[in-house]
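The values are calculated or read from the model by the stated rules, or taken from the named source; none is laboratory data. Predicted model only: the values in this text are computed from it and were never measured. All Cβ positions, glycine included, derive from the backbone under ideal geometry; neighbour counts span all protein chains shown. Calculation scope for accessible area: heavy atoms of the full protein, side chains included, ligands and nucleic acids excluded. Shrake-Rupley method; radii C 1.70, N 1.55, O 1.52, S 1.80 Å.
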Amino acid sequence: MRPPSPSIPEKKFLYDALKQSLRLDGRDMLDFRTPTFTFGPELGWVECAMGKTRVIAQLDAKMVKPLPERPFEGIITIHSEISPMASPDYEPGRPSEEEVTLTRMLDKVLRRSDTIDKESLCILAGQRVWQLRLTVHVLTDAGNILDCSCLAGIVAFKHFRKPEVEVIGDEVIVHSPSERAPISLAIHHTPFCVTFAFFPDALTRPVVDPSLLEQRLSAGLMSIAMNAQREICVLHKAGGVPTAPEEVLRLINVTSILVKDLDKRVEARLLEDWEGRTVEVR
């Protein structure tokens, strides 16, 4: 059973605050919540938290036969799961509309934008390739699960290491991490997703990284996926209030600033984690 929609006083209070460029959690209109990362004992396991929104991403790899039409490319699959534990909005069983949208956007941002070099996942052409499976679990939905999930996903790709493989003739030997150090994935670029919420009143400026209440009362959302080189990978706006081209360009410039900061944070946190790990090669 879905929780009741926000009450009229709640709506009025939020809209009045936003008209004065005030947000209920004290952030500025274009303030992104600072993400924190927790890495598990296994490489490729990441928990990302943005405020109270929490997401776990886990990356696994296994050897499979490649697709007949793409014998030289590895396979990447992405799955997302939003359980009722995340919010009373979600019900067990049939995937909700939010879950379907989340999976599609993750697929666009992380797979179809060629983040990973698929040819580098080939072991033996036409016979053996790596299949990467990214699973994203939403633990708590406190607003903007898309940006948090994309962030967790890309950090999982950068954190993961695949075993070294040796090919002798038609024989494939997979070396364990104790024999040879595992190898990082070949990553072309690092896209990050930034979501803006628009409101019914044209005088109210859009906000970045909306909270759950802001998201529910918004009149439209726009998500921009961009890398640190200012290349737009995805720009997604599904309906909602019309937006002027000048406003879209302004939000793209805001995104480029936020993405550079996110890229620095991610690289610093990955370096910190890697320095704290010991990889024993006998």
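For residues that are buried (at least 16 other Cβ atoms within 10 Å of the Cβ) and among the acidic types (Asp, Glu), scanning just segment 130-184, find the one that is nearest to SER223 (Cα to Cα).
Within segment 130-184, the match that is nearest to SER223 (Cα to Cα) is ASP147.
State which residue is most open to solvent (accessible area, probe 1.4 Å) when the search covers only segment 223-242 and only residues that are touching a Gly at 6+ places or on another chain (Cβ under 9 Å) and aliphatic (A, V, I, L, M).
ALA238
Taking the criterion of being open to solvent by 70 Å² or more (accessible area, probe 1.4 Å), out of contact with any helix residue (DSSP H, G or I) (no Cβ under 8 Å at 6 or more places or on another chain) and closer than 24 Å to LEU102 by Cα, would at least one residue in segment 209-222 satisfy it? Write out each step before concluding.
Residues of segment 209-222 open to solvent by 70 Å² or more (accessible area, probe 1.4 Å): 216.
Add one more test, that the residue is out of contact with any helix residue (DSSP H, G or I) (no Cβ under 8 Å at 6 or more places or on another chain), and what stays is 216.
After this cut, where a residue has to be closer than 24 Å to LEU102 by Cα as well, the list is 216.
Within segment 209-222, one or more residues are open to solvent by 70 Å² or more (accessible area, probe 1.4 Å), out of contact with any helix residue (DSSP H, G or I) (no Cβ under 8 Å at 6 or more places or on another chain) and closer than 24 Å to LEU102 by Cα.
Given the residues LEU251, LEU262, which is the only one that is surrounded by 17 or more Cβ atoms within 10 Å (Cβ to Cβ), part of a helix (DSSP H, G or I) and within 15 Å of the chain's Cα centre (by Cα)?
Selected residue: LEU262, the only one of LEU251, LEU262 that is surrounded by 17 or more Cβ atoms within 10 Å (Cβ to Cβ), part of a helix (DSSP H, G or I) and within 15 Å of the chain's Cα centre (by Cα).
Name, by its number, the condition in (1) touching a residue at least 12 places away in the same chain (Cβ under 8 Å); (2) more than 20 Å from ASP141 (Cβ to Cβ) that does not hold for GLY26.
Every listed condition holds for GLY26 apart from (1).
Just for strands (runs of 3 or more DSSP E) wholly inside segment 1-115: which have at least 3 residues that are more than 20 Å from GLU267 (Cα to Cα), in contact with a helix residue (DSSP H, G or I) (Cβ under 8 Å, 6 or more places away or on another chain) and open to solvent by less than 20 Å² (accessible area, probe 1.4 Å)? Walk me through it before giving the result.
Numbers: elements: 35-39, 45-50, 53-64, 75-82.
Here the list reads 75-82.
Got at least one residue in segment 170-192 being part of a loop (DSSP other than H, G, I, E, B), among the hydrophobic types (A, V, I, L, M, F, W, C) and under 28 Å from LEU30 (Cβ atoms)? Step through it out loud before you land on a result.
In the first step, residues of segment 170-192 are kept if they are part of a loop (DSSP other than H, G, I, E, B); the result is 170, 175-182, 185-186, 188-191.
Going one step further and asking which of them are among the hydrophobic types (A, V, I, L, M, F, W, C), we end up with 181, 185-186.
Narrowing the set further to residues that are under 28 Å from LEU30 (Cβ atoms) leaves none.
No, that holds for no residue.
Which ones in segment 11-47 are hydrophobic (A, V, I, L, M, F, W, C) and within 30 Å of ARG161 (Cβ to Cβ)?
Here is the first cut: in segment 11-47, the ones hydrophobic (A, V, I, L, M, F, W, C) are 13-14, 17-18, 22, 24, 29-30, 32, 37, 39, 43, 45-46.
Once the filter is applied, which keeps residues that are hydrophobic (A, V, I, L, M, F, W, C) and within 30 Å of ARG161 (Cβ to Cβ), segment 11-47 yields PHE32, PHE37, PHE39, LEU43, TRP45, VAL46.
Sort through VAL281, VAL241 and tell me the only one that's modelled with pLDDT under 90 and touching a Lys or Arg at 6+ places or on another chain (Cβ under 8 Å).
That would be VAL281, the only listed residue that is modelled with pLDDT under 90 and touching a Lys or Arg at 6+ places or on another chain (Cβ under 8 Å).
Taking the options GLN215, GLN229, name whichever one is out of contact with any strand residue (DSSP E or B) (no Cβ under 8 Å at 6 or more places or on another chain) and outside any strand (DSSP E or B).
Details: GLN215 fails: out of contact with any strand residue (DSSP E or B) (no Cβ under 8 Å at 6 or more places or on another chain).
After ruling out the rest, the residue left standing is GLN229.
Can you tell me which residue in segment 193-212 is farthest from the chain's Cα centre (by Cα), limited to those that are touching a residue at least 60 places away in the same chain (Cβ under 8 Å) and in a strand (DSSP E or B)?
VAL207
Under 9 Å by Cβ, and 6 or more places apart or on different chains, what pairs join a residue from segment 214-237 that is more than 16 Å from LEU249 (Cβ to Cβ) with one that is among the aromatic types (Phe, Trp, Tyr) and surrounded by fewer than 20 Cβ atoms within 10 Å (Cβ to Cβ)?
Once the first residue is more than 16 Å from LEU249 (Cβ to Cβ) and sits in segment 214-237, its partners that are among the aromatic types (Phe, Trp, Tyr) and surrounded by fewer than 20 Cβ atoms within 10 Å (Cβ to Cβ) give LEU217/TYR15.
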